[in-house]
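The values are calculated or read from the model by the stated rules, or taken from the named source; none is laboratory data. Predicted model only: the values in this text are computed from it and were never measured. For neighbour counting, all protein chains shown are included, and Cβ atoms are generated from backbone atoms with ideal geometry for every residue, glycine included.
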Amino acid sequence: MFTGLIADVGHVRSQVRDEHGATLVVATSLAPEIQDGDSIAVAGVCLTATAVTGDSFTTEAMHETLSRSALGSLDEGSPVNLELALRAQDRLGGHVVQGHVDATGSVASVLPDGFARVVTVRAEPAVLRYLVEKGSVAIDGVSLTVSHLGESEFAVSLIPETLQRTTLGTLAPGDIVNLEVDVLAKHVERLLAGQLSISRSEPVA
């Protein structure tokens with residue numbers, strides 16, 4: 001589990017694709033804290049470290065991961081947001097982020113707003129249905145608050161700290177981003193659907 005608070009911006013040292021999936025080597029200052037088997041959120045995707053060197057780690061992405069996320073488009077040198085798994089004693093500063101990307105979205109616009117920057121992202125209805133204004137969403141692994149919600153897009157406002165410490169500061173129209181909605185919203189929907197199904201099947205007295 002993660003919180004959407006980025007610990008480092010790493011860089012893809014290499015990515016090798018074959019019929020089995022993709023193997024990535026990511027350079028990061030976090031490498032000394034990583035052990036084989038650790039979970040790491042890479043651009044919002046929960047991956048497992050399979051090997052660690054002094055300044056990088058290796059990880060693998062299977063076909064399901066590649067089809068649901070933008071990891072397959074990463075090139076050598078691409079920057080990626082990185083977060084280590086949450087420890088039980090850590091502060092939950094963002095929101096509950098699983099690193100299970102629901103879909104990708106496309107940046108529609110990036111506009112200045114005082115010291116902040118407003119990023120509007122086009123997303124599919126299957127994603128937008130779980131969003132509410134002032135609710136949480138993760139973009140490329142960054143925990144953010146929805147500031148506007150439309151029929152085919154949503155917007156977030158990025159403070160200078162986020163712009164400087166994550167890859168979101170370089171977003172431009174047309175960029176593809178990984179999206180993860182609040183898992184609590186999906187659980188609530190599932191539970192309510194079950195209750196409605198039960199109530200409809202009960203005989204009317």
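Only one of the listed residues (Val107, Val146, Val118) is in a strand (DSSP E or B), surrounded by 14 or more Cβ atoms within 10 Å (Cβ to Cβ) and in contact with a Phe, Trp or Tyr (Cβ under 7 Å, 6 or more places away or on another chain). That residue is Val146.
Which one is surrounded by the most Cβ atoms within 10 Å (Cβ to Cβ), of the residues in the stretch 155-205 that are of a type in the set (Asp, Glu), modelled with pLDDT of 95 or more and not in a helix (DSSP H, G or I)? Checking each candidate, the answer is Glu180.
Just the residues that are farther than 19 Å from Thr65 by Cα and in contact with a Ser or Thr (Cβ under 8 Å, 6 or more places away or on another chain), please, taken from the stretch 14-33. Of everything in the stretch 14-33, those that are farther than 19 Å from Thr65 by Cα and in contact with a Ser or Thr (Cβ under 8 Å, 6 or more places away or on another chain) turn out to be Ala27, Thr28, Ala31. Filtering Thr120, Thr104 for residues that are within 12 Å of the chain's Cα centre (by Cα) and of a type in the set (Ser, Thr, Tyr) leaves a single hit, Thr104. Of all residues in the stretch 133-143, exactly one satisfies the criterion of being touching an Asp or Glu at 6+ places or on another chain (Cβ under 9 Å) and surrounded by fewer than 20 Cβ atoms within 10 Å (Cβ to Cβ), namely Gly135.
Can you confirm whether the stretch 59-70 contains a residue that is polar (S, T, N, Q), over 27 Å from Ala123 (Cα atoms) and touching a residue at least 12 places away in the same chain (Cβ under 8 Å)? Spell out how you get there, then give the answer.
Filtering the stretch 59-70 down to residues polar (S, T, N, Q) leaves 59, 65, 67, 69.
So of that shortlist, the ones also over 27 Å from Ala123 (Cα atoms) come out as 59.
From what is left, the residues that are touching a residue at least 12 places away in the same chain (Cβ under 8 Å) are 59.
There is at least one residue in the stretch 59-70 that is polar (S, T, N, Q), over 27 Å from Ala123 (Cα atoms) and touching a residue at least 12 places away in the same chain (Cβ under 8 Å).
Summed over the stretch 29-81, residues that are assigned to a helix (DSSP H, G or I) and buried (at least 22 other Cβ atoms within 10 Å of the Cβ) total 1.
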